[in-house]
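The next block holds one structure in the form of structure tokens; read it before the comments.
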Amino acid sequence: MYFYMPTKIYSERDCVKKHGEEWARLGKKALIVTGRSSAVNGSLSDVKEVLESQGTGYCVFDETEANPSVEMVMKVRDYGIKENVDFVIGIGGGSPMDSAKAVALMIAHKEKGADFLYEKGDDTALPVVEVPTTCGTGSEATPYAILTVHAERIKASLPHKIYPVYALVDGKYLLGARRDILVNTSVDALGHFIESYINANATEFSRMLCEYGMGVWSSAKNVLIGADITAEECDKLLFASTLAGMAISHTGTALPHGLSYYLTYEKGIPHGKAVGYFLPGYLASADPLVRRKVLALAGFPDIQYFAAFIHNLLGPMSVDEELVTKAVRGMMSNENKLKNVPYHVTEDMLYQICNMAY
Ligand code: NAP
Ligand code: ZN
């Protein structure tokens with residue numbers, strides 16, 4: 001059993017500005033990787049203000065696509081090399097944060113082509129700073145980056161482990177986000193807790209993060225179905241998401257994430273929403289004692305109540321049989337995910353999980 005979390009995490013109001021003297025001095029020039037909406041909630045202007053006050057140069061790429069592709073990462077890598085940057089700042093949801101890691105890896109390996117992204121080996125990367133603006137992926141506290149691989153019509157995690165050097169976690173950046181973005185990403189964080197807890201790699205450390213974190217998530221979950229969300233409620237949802245990221249850093253994710261990639265690639269269903277549909281089925285397939293414990297920690301009386309809560313939050317989904325078959329077959333050969341499941345997985349079991357999804 002071990003615990004490794006090399007990212008320095010500041011989780012507090014105005015942490016970008018409060019700790020600028022530290023993170024803005026990671027190099028002489030930063031490449032900021034963000035998206036159009038994730039840049040307009042005050043996060044980008046805070047980051048720029050700090051860089052300017054510290055005399056650190058920067059350039060900005062603000063066209064990160066959702067579910068970033070290998071091709072986009074290579075384009076941003078070329079831009080970073082041309083600008084001679086020496087660290088990378090990701091601002092946004094998982095898409096810009098994961099892109100920042102992949103770009104930081106590829107700038108550090110200028111001589112390599114895109115194939116290097118999926119080759120095991122040297123994980124050296126430029127230093128990365130992450131500023132989350134959604135409350136789901138926890139990418140600010142994980143070593144993972146997930147990219148879309150069009151050549152294989154799927155999304156896949158890089159084998160490289162790139163922990164950010166700094167995570168600057170401030171719930172105020174979530175305030176302007178649309179309700180569906182907060183809902184989908186919060187469900188993703190819950191998925192990380194559940195898949196990390198019911199996981200072959202779980203340890204007392206990772207379970208501790210899940211047990212405490214699900215309590216935080218549970219205390220804020222009703223705001224997802226309520227009216228306005230306050231900055232303090234955003235803080236809680238974001239804190240839960242960072243804790244969930246720390247948990248999956250130690251265990252990886254499992255079946256719901258593996259199955260979700262097919263829905264996202266083929267149907268464009270946002271990540272957290274696609275994961276959420278498979279959570280009731282994954283819980284149902286778990287050991288009954290563990291299932292009861294997880295439900296209690298997340299604040300649900302039973303699996304039926306949980307499934308109704310999730311379906312109510314996410315809305316209806318229609319998926320054709322062909323896609324379900326593709327997802328099940330793909331999952332059966334996805335060794336990286338199967339090894340994280342603490343029991344033997346069969347095709348029948350996967351079909352049952354899919355049947356509970358809609
Ligand atoms: P996202 O794709 O990063 O963002 C979703 C949408 O939210 C985008 O349209 C984005 O706009 C918008 N947005 C973000 N922050 C906003 C804000 N504060 N206000 C208004 N709009 C905002 O979604 P995500 O769910 O956070 O990330 C999903 C990605 O992360 C997937 O690729 C998934 O595979 C990956 N992931 C990574 C990990 C990990 O450990 N690294 C774990 C789970 C998932 P813009 O595009 O205009 O910015
Ligand atoms: Zn996820």
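Things worth noting here:
- Filtered trypsin sites (Lys or Arg not before Pro), region 7-94: DSSP coil and at most 16 other beta carbons within 10 Å: ARG13, ARG25, LYS28, ARG36
- Size of electric dipole in region 7-72: Cβ of Lys, Arg +1 and of Asp, Glu -1, about Cα centre, debye, nearest 20: 240
- Shape of region 1-109, Cα gyration tensor, a/c cut at 1.5: rounded
- Since only SER95, SER206, ASN336 are under comparison, the one whose Cα sits farthest along the positive direction of the charge dipole of the chain, derived from C-beta charges on Lys, Arg, Asp and Glu, is SER206.
- Rounded accessible area per residue of the chain, 1.4 Å, Å²: 40
- Highest to lowest packing among 289-295, 137-143, scored as the average C-beta count within 10 Å: 137-143, 289-295
- Restricting region 306-354 to chymotrypsin sites (Phe, Trp or Tyr not before Pro) that sit in a DSSP loop and have at most 11 other Cβ atoms within 10 Å of their own Cβ leaves TYR343.
- Calculated FRET efficiency for the pair HIS150/ASN222, C-beta based, R₀ 45 Å, to 0.05: 0.70
- Per-residue HN-Hα couplings for region 230-245 [Karplus 6.51, -1.76, 1.60; θ = phi - 60°; Hz; x = Gly/Pro]: 8, 4, 5, 5, 4, 4, 5, 4, 6, 4, 4, 5, 5, 4, 5, x
- Angle between the chain longest axis and helix 94-108 axis [Cα atoms, degrees, rounded to 10]: 50
- Options ILE146, PHE61, TYR4, ranked by Cα towards positive dipole end of the chain, top entry (Cβ charges): TYR4
- Dipole magnitude of region 235-339 about its Cα centre (Cβ charges: Lys, Arg +1; Asp, Glu -1), debye to nearest 20: 240
- In this structure, TYR351 and ARG292 have a Cβ-Cβ separation that, at R0 = 30 Å, corresponds to a calculated FRET efficiency of about 0.80.
- Percent accessible area from carbon and sulfur atoms, the chain, protein chains only, probe 1.4 Å: 52
- Tilt relative to the chain, helix 288-297 - C-alpha long axis, 0 to 90 degrees, to 10: 50
- Whether region 247-295 is rounded, prolate or oblate, judged on the alpha carbon gyration tensor where a/c under 1.5 counts as rounded: prolate
- All-pairs alpha carbon distance profile, region 196-315, 5 Å steps from 0, percent: 2, 11, 18, 24, 24, 15, 5, 1
- C-alpha center-to-center spacing [region 335-351, region 3-61] in angstrom: 40
- Global geometry of the chain, whether rounded, prolate or oblate, following the gyration tensor of its Cα atoms and the 1.5 cut on a/c: prolate
- Charge dipole magnitude, Cβ of K and R +1, D and E -1 - the chain, Cα centre, debye nearest 20: 160
- The ellipsoid that matches the Cα gyration tensor of region 107-220 has semi-axes, each √(5λ) in whole angstrom, of 27, 18, 15, with the longest given first.
The values are calculated or read from the model by the stated rules, or taken from the named source; none is laboratory data. Source: prediction; values computed, not measured. Methodologically, a virtual Cβ is constructed for each residue, glycine included, from the backbone with ideal geometry; neighbour enumeration extends over all protein chains shown. The area values use the complete protein model at the heavy-atom level, side chains included, leaving out ligands, DNA and RNA. Shrake-Rupley method; radii C 1.70, N 1.55, O 1.52, S 1.80 Å.
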